[in-house]
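Visitor: Let me begin by handing over the structure; questions about it come next.
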Amino acid sequence: SKVIIEGYHQMNLDGLIIIGGDGSMQILKKLAKEGKMNIVAIPKTIDNDVGATESSIGFHTAVDVATQALDNLQSTAASHRRSMILEVMGRDAGHIALNAGIAGGADVILIPEIKYSIDGVIKKLNDMKKKHDTQHSLIIVAEAVKKQDGAKVLHKYTDGEQRLGGIGDYIAEELMKKTEIECRVTTLGHVQRGAPPTASDRILASAFGVYAVDLIEQNKFDRMVAWKNRKVIDVPIDEGISTYKNVERADSLVETALSLGIYIGEVD
């Protein structure tokens, strides 16, 4: 931190553009205050959970990667009559799973914001078999989804660190315990964070970058650029940090999934 502050003042910068999610912005805002640095923030998170903007850099690319994975799993699911389970990122929010699930033709979408049941998933798969003789399925689940008893599923590393991961295996085990359905699990992990950016992400990043430089030229600091109603605007960085965007029951994409017959949980 000291090196960053010293470097900022040695270079006699007019301002610093910071890029990241709510956690990164919180850390850098504190650093900026400590070091008397002028900052402007750009939201960048594949989880798309910064509430002050409709879209953050990286989200569309992550959704595209997950959608392609579902496309790739479809043929194996059909030829082997299996349930292919895709576990995707989503630390607290289910935006990636919901968007990719709809785009990729998933039969089941599980997200942390909506309660689900294994029996509900089984009923959906049995209905598919009974009504359409469909004996394969695609299931997408966000890594933050919990077990039915509310317990988090964590992967423990040898250095003692614990991270979200493994809910796909849990769902597979529960389904195979209670049915004759054969399941296979694919976990995308950090593949979602490193793909070539989609055109929409490149355009959004360009628009954000131009606007951020304009803010510095206007001496408007401690602001975050945001995308609202097809326009780039700016809001206080504190608003980007404090407002969290998760999937709500009234979300239009939840309604879309339900209308498509996708099982998305125990919803009213």
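The values are calculated or read from the model by the stated rules, or taken from the named source; none is laboratory data. These numbers were taken from a predicted model, which means no experiment stands behind them. Using ideal geometry, Cβ is built from the backbone for each residue, glycine included, and neighbour counts are taken over all protein chains shown. Ligands, DNA and RNA are excluded from the accessible area calculation, which covers all protein heavy atoms including side chains. Shrake-Rupley method; radii C 1.70, N 1.55, O 1.52, S 1.80 Å.
Visitor: Round to the nearest 10 and report in Å² the accessible area of residue 63, as given by a 1.4 Å probe over the protein chains' heavy atoms.
Guide: We get 20 Å² for residue 63.
Visitor: Would you mind telling me the share, in percent, of accessible area of region 10-73 contributed by carbon and sulfur at probe 1.4 angstrom?
Guide: It is 49 percent, rounded to a whole number.
Visitor: What per residue convex hull volume, in Å³, comes out for region 127-168 when only alpha-carbon positions are used?
Guide: 91 Å³
Visitor: I would also like to ask the following. Mind listing which trypsin sites (Lys or Arg not before Pro) in region 45-98 are in a DSSP loop and have 14 or fewer other Cβ atoms within 10 Å?
Guide: Taking region 45-98 and a limit of 14 other Cβ atoms within 10 Å, the loop trypsin sites (Lys or Arg not before Pro) found are 81.
Visitor: Next question, about the same structure. Using a Cα distance threshold of under 16 Å, what count of lysine pairs results for region 1-119 when pairs must be 8 or more residues apart or interchain?
Guide: 5
Visitor: Under a straight-distance cross-link criterion of Cα-Cα below 18 Å, which lysines are reachable from residue 178, leaving out those fewer than 8 residues away in the same chain?
Guide: List returned: 123, 124, 129, 130, 147.
Visitor: Right, something else. Looking only at 214, 92, 49, which one moves most when the chain is put into a Gaussian network model with springs between Cα atoms under 10 Å?
Guide: Ranking 214, 92, 49 by mean-square fluctuation puts 214 first.
Visitor: Show 45, 186 ordered by accessible area, largest first, where the area counts protein heavy atoms only and the probe is 1.4 Å.
Guide: Greatest to least solvent exposure: 186, 45.
Visitor: I'd like the Karplus ³J(HN,Hα) series for region 156-173: coefficients 6.51, -1.76, 1.60, θ = phi - 60°, whole numbers in Hz, and an x wherever there's a Gly or Pro.
Guide: Once rounded to whole Hz, the list reads 9, 9, 5, 7, x, 6, 10, 9, 4, x, x, 5, x, 5, 4, 4, 4, 4.
Visitor: Once amide H atoms are placed 1.01 Å from N in the peptide plane, what residues at a sequence separation of 5 or more from residue 224, or on another chain, have their amide H within under 5 Å of its amide H?
Guide: Under 5 Å from the amide H of residue 224: 41, 235, 237.
Visitor: Ignoring ligands, DNA and RNA, what accessible area per residue does region 166-244 give at 1.4 Å, in Å²?
Guide: Value for region 166-244: 58 Å² per residue.
Visitor: Ordering 154, 16, 175 by accessible area with a probe of 1.4 Å, largest first, what comes out?
Guide: 154, 16, 175
Visitor: Let me ask another. In terms of modelled amide H atoms, which long-range or inter-chain residues lie less than 5 Å from the amide H of residue 16?
Guide: 38, 39, 40
Visitor: Here's something else I'd like to know. Might you work out the accessible area of residue 190 for me, using a 1.4 Å probe with all protein chains in place, and round it to the nearest 10 Å²?
Guide: For residue 190, solvent-accessible area is about 130 Å².
Visitor: Still on this model: Rank these residues by their accessible area, most exposed first, probe 1.4 Å: 230, 202.
Guide: 230, 202
Visitor: Here is a further query. For region 96-184, state which chymotrypsin sites (Phe, Trp or Tyr not before Pro) are in a DSSP loop and have at most 14 other beta carbons lying within 10 Å of their beta carbon.
Guide: Answer by residue number: 157.
Visitor: Further, regarding this structure: Short version: ³J(HN,Hα) in whole Hz for each residue of region 108-125, in order, from phi by Karplus 6.51 cos²θ - 1.76 cosθ + 1.60 (θ = phi - 60°), x for Gly and Pro, what are they?
Guide: Values per residue, Gly and Pro as x: 9, 10, 10, 10, x, 7, 10, 5, 10, 9, 4, 4, x, 5, 4, 4, 4, 5 Hz.
Visitor: Give the calculated FRET efficiency between residue 11 and residue 103 to the nearest 0.05, with a Förster radius of 51 Å applied to their Cβ-Cβ distance.
Guide: 0.70
Visitor: Something else about it: At a Förster radius of 25 Å, what calculated FRET efficiency corresponds to the Cβ-Cβ distance of residue 200 and residue 250, to the nearest 0.05?
Guide: Efficiency at R0 = 25 Å is approximately 0.50.
Visitor: What accessible area per residue comes out for region 1-134, rounded to a whole number of Å², with a 1.4 Å probe?
Guide: 46 Å²
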